[in-house]
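**Q** Starting off with a structure, shown below.
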Amino acid sequence: EVDFLDLRYELQELIGGGGMADVYKAQDHRLNRSVAVKILKSDLAEDEEFRRRFRDESQAVAMLSHPNIVSVYDVSRGEIEYIVMELIDGITLKQYMERRGKLNWRESLHFITQIMRGLSHAHSRGIVHRDIKPHNLMILRDGSVKIADFGIARLESAAQQTMTQQALGSVHYISP
């Protein structure tokens with residue numbers, strides 16, 4: 001188990017994970033700050049297609065700079081594929097909704113407006129998230145929203161005009 005990346009990022013604890021990667025809280029010893037480090041799962045790291053998608057994500061998100069999108073600070077250039085991001089002090093929208101129950105229209109509009117601002121910024125740079133769902137939206141303590149996990153994002157320039165049999169996204173949230 002790696003606990004230090006590139007002699008800079010000291011992994012401290014696992015804070016999340018998904019199908020492609022695990023996310024750790026880490027200490028950036030060069031800039032002396034806490035960060036989140038997303039590491040491609042080792043079994044997927046063997047697969048060149050997953051490595052390519054992970055690199056595409058880091059490249060896509062690194063192009064974005066917006067208050068409603070999780071900031072990317074660094075990406076790996078070595079053997080282990082990872083992305084270093086800002087550490088969010090908050091919970092996912094899914095966790096928030098589970099705690100709060102039904103949201104009123106004002107609260108919903110407050111969140112939706114911020115999500116749309118972030119997506120508008122990404123779209124203006126040719127990046128389509130393709131997996132917006134409550135699990136990928138972070139709610140900070142001050143009530144602001146940050147879009148996370150551009151894992152299946154696609155650059156418009158790489159868009160293909162053909163239909164495929166392969167669906168990409170989360171089943172409950174994917175377009176029909």
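What follows is calculated from the coordinates using simple rules that are stated; it is not laboratory data. Quick caveat: nothing in here was measured; it's all calculated off a predicted structure. Cβ placement follows ideal geometry from the backbone for every residue including glycine, while neighbour counts extend to all protein chains displayed.
**Q** Taking 2.2 N^0.38 Å as the expected size of a compact globular protein, what ratio does the Cα radius of gyration of the stretch 1-70 give against it, to two decimals?
**A** Values: Rg = 12.9 Å, N = 70, 2.2 N^0.38 = 11.1 Å.
Against the empirical 2.2 N^0.38 Å value, I get 1.17 for the stretch 1-70.
**Q** Next up: Counting Lys and Arg as +1 and Asp and Glu as -1, each charge on the Cβ, what is the dipole of the stretch 1-140 about the Cα centre in debye, to the nearest 20?
**A** The dipole of the stretch 1-140 has a size of about 920 debye.
**Q** Another question about this same structure. Rounded to the nearest 0.05, what FRET efficiency is calculated for Asp3 and Asp89 with R0 set to 35 Å and r the Cβ-Cβ distance?
**A** Computed FRET efficiency for Asp3 and Asp89 comes out at 0.95.
**Q** Roughly speaking, what is the stretch gain from Arg51 to Ser71, that is 0.36 nm per residue apart minus the C-alpha to C-alpha distance, in nm to one decimal? Show your work: numbers first, answer last.
**A** Details: separation 20, 0.36 × 20 = 7.20 nm, distance 2.06 nm.
Full extension from Arg51 to Ser71 adds 5.1 nm.
**Q** What does the extension gain come out to for Gln12 and Leu140, with contour length at 0.36 nm per residue minus their alpha carbon separation?
**A** Contour length minus the Cα-Cα distance gives 44.0 nm.
**Q** Another question, if that's okay. Once every Cα of the stretch 1-121 carries one equal point scatterer and solvent is ignored, give the base-10 log of I(q)/I(0) from the Debye formula at q = 0.13, 0.18, 0.20 Å⁻¹, two decimals.
**A** With one equal scatterer per Cα and no solvent, log10 I(q)/I(0) is -0.61, -1.03, -1.18.
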